[in-house]
Amino acid sequence: MINPIVAGNWKMNKTPSEGKIFSEKMVEKLGSKSSVDVIVCPPFTGLSSLVISTKFHLGAQNCHFEDSGAFTGEISTSMLLNCNVEYVILGHSERRSIFHEKNNDIGKKVSKVLSDGMKPILCVGETIDELNKGLAKQTVRRQLKLGLNDVNSLNNIIIAYEPVWAIGTGLTASVEKVSEIHSFIRTTLKDLSSESESNNVPIIYGGSVNSGNADELINAHAVNGFLIGGASLDVDKFVEIINIVDKI
Ligand code: PEP
């Protein structure tokens, strides 16, 4: 039994004070008995400013795989742990395309985050070019294989399937497509590890999820929740999606 997850990726949005107001409102609006694991991923500067509550977990949007040193602009896992971070988004398509992150380095980050006791949310997904060339599954398989290359077990790993062409575009993958790729991810995880471990890995979908499409997407086969960008910036919309997922 996998607990549903709704994670909000704020990207480079919200100051620490805006984040604090958001978190206070969210905690007020969220029911006390939600079955959903809610994760909020503010920018690094906002990590210490959100209210502390059992109603949500704190996530970061990236980290480095080294412990410390001359890595200007980077952040370490111990710095994140010190801010009570439990989850780290890794390999987001914006990190891959804008900041040229490569699968091998993403793999090192996944292993570092796990060995330091946090949970990586490994993002995978094809570009529009790869989709049009029929390479979606090949891309996802490669990203999974290399992203998980340095880990011994799939425990505590979350996979986010985020087709790049659906991120921030208003385009969503069809329910059939999402089900097909999520099932493919589950099979690939089984090949890379074992059936029992792969069955426990949450596979969440990201790509223009909103309160209008959340219901049909969460009911798609093998979808265990969402990673949400744009719609996670508005507390009402975000809570609405959490409540939709809570109902399943
Ligand atoms: C994301 O950034 O991970 C994302 C899914 O963004 P959006 O919901 O805006 O498409």
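Computed quantities for the displayed model
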| quantity | calculated |
| --- | --- |
| Summed residue charge, Cβ within 13 Å of residue 139's Cβ, Lys/Arg positive, Asp/Glu negative | +2 |
| Ranked order, 126, 195 - accessible area, probe 1.4 Å, largest first | 195, 126 |
| Theoretical ellipticity at 222 nm over the chain - DSSP helices of four or more residues, -39500 (n - 2.57) apiece, nearest 500 | -11000 deg cm²/dmol |
| Dipole axis of the chain (+1 Lys, Arg; -1 Asp, Glu on Cβ), positive-most option in 235, 214, 187 | 187 |
| Eligible aspartates and glutamates near residue 109 by straight Cα distance, threshold 17 Å, same-chain separation 8 or greater | 66, 67, 74, 86, 94, 101, 150 |
| Estimated FRET transfer efficiency when R0 is 25 angstrom, pair residue 236-residue 44 (beta carbons, to 0.05) | 0.45 |
| Longest to shortest principal axis, alpha-carbon extents of the chain, angstrom | 46, 44, 34 |
| Part-to-part distance (alpha-carbon centres) for the stretch 140-161 and the stretch 193-210, which is given in Å | 10 |
| Paramagnetic reach from residue 25 in the stretch 215-248 [backbone N under 20 Å; point 7 Å along Cα→Cβ] | 228-245 |
| Potential lengthening between residue 149 and residue 84 on full extension [0.36 nm per residue; Cα-Cα distance subtracted] | 20.7 nm |
| Where the stretch 5-246 is the region considered: accessible area per residue in Å², 1.4 Å probe | 45 |
| GNM result for the chain, Cα springs below 10 Å: residue of 90, 233, 81 fluctuating most strongly | 81 |
| The chain - percent of accessible surface contributed by carbon and sulfur, probe 1.4 Å | 49 |
| Taking the convex hull of Cα positions in the stretch 1-112, its mean projected area over all directions (nm²) | 7.9 |
| GNM flexibility winner over the chain from 181, 121, 106 (Cα, springs under 10 Å) | 181 |
| Check: the stretch 5-246 dipole with +1 on Lys, Arg Cβ and -1 on Asp, Glu Cβ, in debye | 220 |
| Within the chain, longest stretch free of exposed chymotrypsin sites (Phe, Trp or Tyr not before Pro) [DSSP loop, at most 16 other beta carbons within 10 Å] | 100-248 |
| Pairs beyond 23 Å (Cα-Cα), from 29/177; 55/237; 55/112 | 29/177; 55/112 |
| Relative contact order computed over the stretch 5-246 (Cα-Cα under 8 Å; 6+ residues apart), in percent | 20 |
| GNM top mover of 95, 141, 186 - the chain, alpha-carbon springs below 10 Å | 95 |
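The values are calculated or read from the model by the stated rules, or taken from the named source; none is laboratory data. None of the values given here were measured: they were computed from a predicted structure. Note that each Cβ is placed from the backbone with ideal geometry, even for glycine, and that neighbours are counted across all protein chains shown. These accessible areas exclude ligands, DNA and RNA; they are computed on the full protein's heavy atoms, side chains included. Shrake-Rupley method; radii C 1.70, N 1.55, O 1.52, S 1.80 Å.
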